[in-house]
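A.B. asks: One structure coming up, written as structure tokens, with questions to follow.
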Amino acid sequence: DHPQYVQFGCMPSKSAYGEPFKTYDPFIIPFRTAGGHLHFGYTGNVEAAVKALDRILGVISVSLFRHWENPQRRLLYGRAGEYRVTPYGFEYRVLSNAWLCHPMMVHLMFELSRRAFGISAAGEWKRWNVTEEEVRRCINDSDVKLAEEILTRNSASLDGLLASLPGCGLKSDDSLMDTTA
């Protein structure tokens with residue numbers, strides 16, 4: 001194939017954690033990945049916003065999409081803290097495209113991202129009981145068990161977040177931590 005049809009991604013990503021991204025020869029990687037990026041019109045402290053999104057939205061997505069995401073994707077793309085600066089703000093690049101599987105999931109993730117971003121802008125993300133290392137390990141390793149531990153530890157905050165969603169009324173033990181195989 002011609003290199004233009006084999007190359008990876010669009011513009012290079014940045015890492016809110018200063019993590020260098022590995023580059024791979026696209027001709028030897030036998031799979032491709034897709035992301036479900038979210039765009040934010042925000043030019044404040046982008047790295048703090050991305051880290052707050054990771055703490056909440058990134059961890060939730062690991063638990064919620066356990067059956068739809070392939071952990072191999074994170075070898076190439078969607079690592080914790082991954083973002084791209086845009087002329088209007090930034091693009092959060094951690095999520096896969098699994099949330100685009102159904103209109104209900106699109107609305108849920110969109111509203112969760114708005115709430116998580118609002119929490120980050122207000123500095124309230126510090127109320128989430130989770131370390132940066134746990135967040136990075138959870139997302140980068142697609143560690144569902146750790147995601148569940150983090151969400152359980154933060155169930156009161158998570159319940160408040162879910163209850164704030166339009167027409168939702170979910171609680172953390174209703175949907176995000178499905179233990180069925």
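The values are calculated or read from the model by the stated rules, or taken from the named source; none is laboratory data. These numbers were taken from a predicted model, which means no experiment stands behind them. So basically every Cβ, Gly included, is an ideal-geometry build from the backbone, and we count neighbours across all protein chains shown. For accessibility, only protein heavy atoms count, side chains too; no ligands or nucleic acids. Shrake-Rupley method; radii C 1.70, N 1.55, O 1.52, S 1.80 Å.
A.B. asks: In what order, largest first, do Lys145, Lys14 sit by accessible area if the probe radius is 1.4 Å?
C.D. replies: Lys145, Lys14
A.B. asks: Could the peptides 74-80, 52-58, 64-70 be put in order, highest first, of the mean number of other beta-carbon atoms found within 10 Å of their residues?
C.D. replies: Taking the mean over residues of other Cβ atoms within 10 Å, the ranking is 52-58, 74-80, 64-70.
A.B. asks: With all pairs of different alpha carbon atoms counted, what Kirkwood hydrodynamic radius in Å does the stretch 51-144 show?
C.D. replies: Its Kirkwood hydrodynamic radius stands at 13.6 Å.
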